[in-house]
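Readers should treat all values here as calculations from the given coordinates under stated rules, not as data from a laboratory. Keep in mind that this is a model prediction, so the values were computed, not measured. Ideal geometry is used to build each Cβ from the backbone, glycine not excepted, and the neighbour counts take in all protein chains shown.
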């Protein structure tokens, strides 16, 4: 997917920074993660807001072209998570613009409009979306002020600069429950059919809100996608985050690493890695690059070295000359030559020596192994060394291995470290997909002919595509990361391809934590499927640099029956030039609802 240069330029000239105070209190994050499990279940979430939830109307005025109402209510989130919503944000302010005369008898369509990033107060949505919809199709509109925005913005917050990562989850929790309050209010006042929409962040919040209404609901999310993790880690918004601050906080407080990281899951990683492996494996079979002997040799050595503990780093021996040889047993005592590329005098190298000295002082590694890693650039790991390494826990393994590019002896001359690293990625991905397939009562088996391999690979690909969504989720840890994800992070790019081996393990752990908590709280597959997905029309920008769509779940797969349309633009240009397209989709979705449902009952 090509991305818009305008998006990048526009973002670069904005001075707004996000999460300037860090992650937020660990206790608040823990409470939010636990509450997410409740609101992600429609039946449970719906019970949290009473049908007669009190709403106060403070202004009612008939204008020349519509009826204007203003009001407020207390956010229900404060009831269930006391103290987590800033006091000024606890009062939810809204405006409602309704037609003076409805176009159809017994039909009073109303759409809730949620705010995108930087959309403070009501005027922007009122003039760009709500009033034109009133004029064009007689669709009423409700404009809800976001927590942390406009009338609900903390006094010490500058513009849209949310102080903490946790604030985005507080905002989402508020809007989910507040949308239910307004849907109930509409029903009490005889309004309907109902819908919800929003642009950018507002579109994603609209999608989350729609998952918890147990009745037909029009949904038109614009310029959003299936998760917010890609927005903050891969999109141009990533440049607006102080990653050094987040990393320092993550490392200084053990609550993030020891407790909170275990509460989150990365949704797409293993599943997408599996699909990629199926594709590359099929190409290898077709070209006859790998034979049964090579595959068996690799698998055997992977097991003997227990590469799952540090699979990004130890490159199992590989020899192309054994293509036509019979399978050979690998001697577990065979020494494994390792080439270490070090940069002495650097901060990373100094930190490494400190880490190794610490392990040595704690008698977790022998002096022999310590000296190998600190004194020589090339050395051999024998069976004793391997056994010693495998006794370390995963954090300790990463502590002294993740700073290096590692190459097997057979690759030292023929291939550059970058090429060898690609081989390591392939081996890691092979193990990921093998694990996924075995969970679904299937596996990759060695076969005798290339024709049989091709058939089996095609079958494997089909099985991967139909893996149940629950199996797509996987708990993560530092040593089990899909390397391709990190090489695509824009804030790590500097005109050259990023070498995953050069990224400090602590940096990667903090980044992975960010992805985990974003997926945990915003990935649509973690929430209920909307009641009627045929009433969903999502509008996306083909060249969106704010909301990347690569390597995350597709909306059509998460919500079967939903329709996705594209405008040939970037995020910023779509917002400026295609408001009429967004409105047209809203009108069309309401027409679908009128034809299919009446008073919540299906029209035969």
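Could you list 30, 515 so that the one with the fewest beta carbons within 10 Å of its beta carbon is first and the one with the most is last?
Values: 30 14, 515 24.
Going from least to most buried by this count: 30, 515.
Based on the Kirkwood radius over alpha-carbon pairs, what value in µm²/s does the Stokes-Einstein equation return for the translational diffusion coefficient of region 66-163 at 20 °C and 1.002 mPa s?
Values: Rh = 14.6 Å.
Rounded to a whole number, D works out at 147 µm²/s.
Starting with the highest mean, order 166-176, 200-210, 525-535 by the number of other Cβ atoms within 10 Å, averaged over the residues of each peptide.
Sorting 166-176, 200-210, 525-535 by mean packing, highest first, produces 200-210, 166-176, 525-535.
Net length available on complete extension from residue 80 to residue 576 is 174.7 nm, with 0.36 nm assigned per residue and the Cα-Cα distance removed. The label point for residue 135 and the one for residue 72, both projected 7 Å from the Cα toward the Cβ, are 3.1 nm apart. Residues 261, 161 in ascending order of nearby Cβ atoms (within 10 Å, fewest first): 161, 261. Counting other Cβ atoms within 10 Å as a rough exposure proxy, the listed residues 182, 100, 191 run 100, 191, 182 from fewest neighbours to most.
Distance between the pseudo-spin-label points of residue 187 and residue 104 (7 Å out from Cα toward the beta carbon): 2.0 nm.
Take the Cα of residue 87, step 7 Å toward its Cβ, do the same at residue 245, and the gap between the two points is 2.4 nm.
Here the gap between residue 30 and residue 357, fully extended at 0.36 nm per residue and compared with their Cα-Cα distance, gives a gain of 114.2 nm.
Would you please put 582-590, 35-43, 62-70, 226-234 in order of how densely packed they are, using the mean number of other Cβ atoms within 10 angstrom per residue and starting with the highest?
Numbers: 582-590: 21.6, 35-43: 16.9, 62-70: 13.1, 226-234: 24.3.
With the highest mean Cβ count within 10 Å placed first, the list reads 226-234, 582-590, 35-43, 62-70.
Which values of log₁₀ I(q)/I(0), to two decimal places, follow from the Debye formula for region 524-604 at q = 0.16, 0.17, 0.24, 0.25 Å⁻¹ with a uniform point scatterer at every Cα? Taken in order of the listed q values, log10 I(q)/I(0) reads -0.72, -0.80, -1.19, -1.22.
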